[in-house]
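The values are calculated or read from the model by the stated rules, or taken from the named source; none is laboratory data. What you are looking at is a predicted structure, and each value in this text was computed from that prediction instead of being measured. Because the Cβ atoms are built from the backbone with ideal geometry, glycine has one as well, and the counts that use them run over all protein chains shown.
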Ligand code: DC
């Protein structure tokens, strides 16, 4: 059985998960959020107080960590050693830790099989940083979704203030720039556009416009 795989890569806050989730729902594919897998490992390390800068310390505890996923009403749930941690991994602290640990080869290696196996056995829309370049080099459709730093920071700021979280636009922008730098300049599987990926800048596009574009690219490719 050949499955249809759509890879969506791009920097933090470009709207990957919103678009990927929407397109997956419309096509009846499963949505695989690979960032959530890195976040799950990051949560474990934060709880244990492991320093992400010490690769040997991280490698030593990795065998204790079982990351698995489950779908509830089409929504991906992250399980950390059987505990559903989906509600705990969305904080900035966990995101920043995830970006640090994602630079470690041992961590990437641990998640590779899980990601590839999901794509081998299901039609997927998978989002992350290295899906088109590294995890699914044969994906039938690859998208590199980005937006200006200002747009991404503004979106995040609005999302948080709407939730009643007290935050500063400048601080969010700084965090995003730092994460971009970490994700784009690491040695292993850095965030770069795959040669055969379609570049989409969502700065001046609505969610519906981006989703429509991805859908039409998908139809052209089938
Ligand atoms: O997409 P996100 O913000 O949930 O991802 C959290 C971090 O995980 C991100 O800063 C980089 C890392 N990541 C990665 O290195 N490779 C992926 N495929 C997905 C995420």
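Looking across region 19-36, just one residue is within 13 Å of the ligand (Cβ to nearest atom), touching a helix residue (DSSP H, G or I) at 6+ places or on another chain (Cβ under 8 Å) and closer than 15 Å to residue 213 by Cα, and that is 19.
Take the conditions (1) crowded, with 17+ Cβ neighbours inside 10 Å; (2) without any contact (Cβ under 8 Å) to a residue 60 or more places away in the chain; (3) over 26 Å from residue 5 (Cα atoms); (4) more than 16 Å from the chain's Cα centre (by Cα); residue 97 misses just one of them, which is (4).
From the set of residues in region 155-171 that are surrounded by 13 or more Cβ atoms within 10 Å (Cβ to Cβ) and at pLDDT below 95, which is farthest from the chain's Cα centre (by Cα)?
Among those residues, the one meeting the criterion is 167.
Per the conditions (1) touching a strand residue (DSSP E or B) at 6+ places or on another chain (Cβ under 9 Å); (2) closer than 16 Å to residue 10 by Cβ, the sole criterion not satisfied by residue 180 is (1). Pairs linking a residue in region 109-123 that is under 16 Å from residue 133 (Cβ atoms) and free of Cβ contacts under 8 Å to residues at least 40 places away in the same chain to a residue that is within 12 Å of the ligand (Cβ to nearest atom) and assigned to a helix (DSSP H, G or I), with Cβ atoms under 7 Å and 6 or more positions apart or on different chains, are 112/135; 116/135.
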